[in-house]
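Read the structure below first, then the notes.
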Amino acid sequence: MIDEQPLGDDIGILNAPAVLPDTSGLIGSGWTACTGTGFGLKADVSSTPLVQTSGDLANPVGFTVVTQDAEGKKEYWVIAEAPATLDRPVQAFRYLLTQEAGLADGLLDAVNLPTIGEASEVPPEWVALFPRGGDLDLTSFDLPDVGASAPGLDGAKVGQYLPDGAGGGYALSADGPVPLDPFAYAVYTHARFPDGRKPRPADLADVPDVQRAVGVYDAAAWPTQALSAVAGQQCALLEATAGETPRARLALDPTGDASAEGLDAATEREASVERGHAAYVMSGDWSDVAGDSVWAVDAKGRANALVGPDTAAQLGWESVRPTLVPDSWIKLFGEGVALSREAALCPPSRVTDPECS
């Protein structure tokens with residue numbers, strides 16, 4: 001009799017997602033994370049991002065934000081987008097404000113952003129959702145021999161500067177004048193050299209017709225012009241395409257599940273995934289296009305590790321190439337469980353036993 005046969009152990013993965021969608025329900029890009037002064041941090045994965053993207057705005061925007069660690073140490077950052085170059089699409093970066101408050105406020109005023117005292121309080125993990133650009137100081141300029149004579153410039157010194165009358169200017173280098181766009185000019189004229197001196201204007205009527213130096217601050221990946229400050233929540237938007245490096249963008253005006261409203265304590269964290277959907281991604285660094293860690297983010301907002309080369313195929317996802325998302329974005333989600341064929345054949349209480357299958 002069947003009912004007289006001894007029963008074996010139940011099998012399966014304890015706390016595994018009850019259901020994961022087919023490939024049509026996977027969302028590997030367009031994730032959002034929103035916060036602001038007085039709010040916690042809300043992450044959301046929806047098929048259509050529930051935010052206004054920066055590309056929809058007439059003018060480039062930026063945020064002045066402040067973070068505070070467990071020991072009370074504060075850091076001030078500018079979050080803004082750098083325009084596309086030959087090597088990089090439009091991308092948002094985080095830029096550390098290292099100068100004392102007076103110089104920092106002068107810089108922020110010059111680029112139309114809130115000052116130090118007006119900075120939005122945000123969690124450190126939100127700032128980490130953006131790659132780091134060059135600090136907003138003179139260390140981001142490759143400008144050796146400061147104080148030496150500037151060749152061909154009638155007594156001017158390396159490190160001095162000239163305005164161009166259009167919001168930008170020139171820094172004088174040993175290789176010639178360095179064109180500064182309005183943002184870089186604001187940084188340069190509101191900073192100090194390591195010895196504490198500020199750059200001084202050169203005693204020249206205008207810039208002589210000599211060869212210009214280039215590439216002096218390209219690695220900083222700064223915006224090129226003054227920005228627009230905006231009120232309300234600050235949002236990060238992740239854009240990812242399989243086989244390409246990920247990028248972050250700025251976003252505004254979150255609605256529905258994207259909004260941090262209701263998370264009234266700065267320490268509150270919540271993640272949501274659109275009903276009937278999930279995410280299938282790899283994680284790595286901003287410069288990576290592939291990673292060793294593979295994840296299924298489920299409808300409960302948990303990141304479940306996919307273990308083994310065939311696990312995605314077992315889920316019916318073998319036709320999908322996962323996008324790569326930065327590690328900092330995966331950390332927004334709750335810790336799930338490891339999913340693998342072997343673990344699924346184990347009794348739930350013995351899923352860590354390699355002999356159970």
Screening 113, 129, 103, 138 for residues that are over 20 Å from the mean Cα position of the chain (by Cα) and buried (at least 20 other Cβ atoms within 10 Å of the Cβ) leaves only 138
Among the residues listed as 154, 145, 135, the single one being among the charged types (D, E, K, R) and either under 30 Å from residue 327 (Cα atoms) or in the same structural domain as residue 245 (by TED's automatic domain parsing) (or both) = 135
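Among the listed residues 56, 87, 69, identify the single one that is touching a residue at least 24 places away in the same chain (Cβ under 8 Å) and of a type in the set (Asp, Glu). Break it down stepwise before answering.
Details: 56 fails: touching a residue at least 24 places away in the same chain (Cβ under 8 Å); 87 fails: touching a residue at least 24 places away in the same chain (Cβ under 8 Å).
Being touching a residue at least 24 places away in the same chain (Cβ under 8 Å) and of a type in the set (Asp, Glu) holds for just one of 56, 87, 69, which is 69.
This table checks each residue for (1) touching a Pro at 6+ places or on another chain (Cβ under 9 Å); (2) assigned to a loop (DSSP other than H, G, I, E, B); (3) acidic (Asp, Glu).
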residue	(1), (2), (3)
134	no, yes, no
152	yes, yes, no
171	yes, no, no
186	no, no, no
191	yes, yes, no
194	no, yes, no
206	no, yes, yes
209	no, yes, yes
215	no, yes, no
Lone unmet requirement of (1) within 16 Å of residue 217 (Cα to Cα); (2) hydrophobic (A, V, I, L, M, F, W, C); (3) part of a loop (DSSP other than H, G, I, E, B) for residue 93 = (3)
Which of the residues that make up region 303-337 are over 23 Å from residue 33 (Cβ atoms) and not β-branched (Val, Ile, Thr)?
-> 308, 309, 310, 312, 313, 314, 315, 316, 317, 318, 319, 321
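The values are calculated or read from the model by the stated rules, or taken from the named source; none is laboratory data. Remember, it's a predicted structure, so these values are computed and weren't measured experimentally. Backbone-built Cβ (ideal geometry, glycine too); neighbour counts: all protein chains shown.
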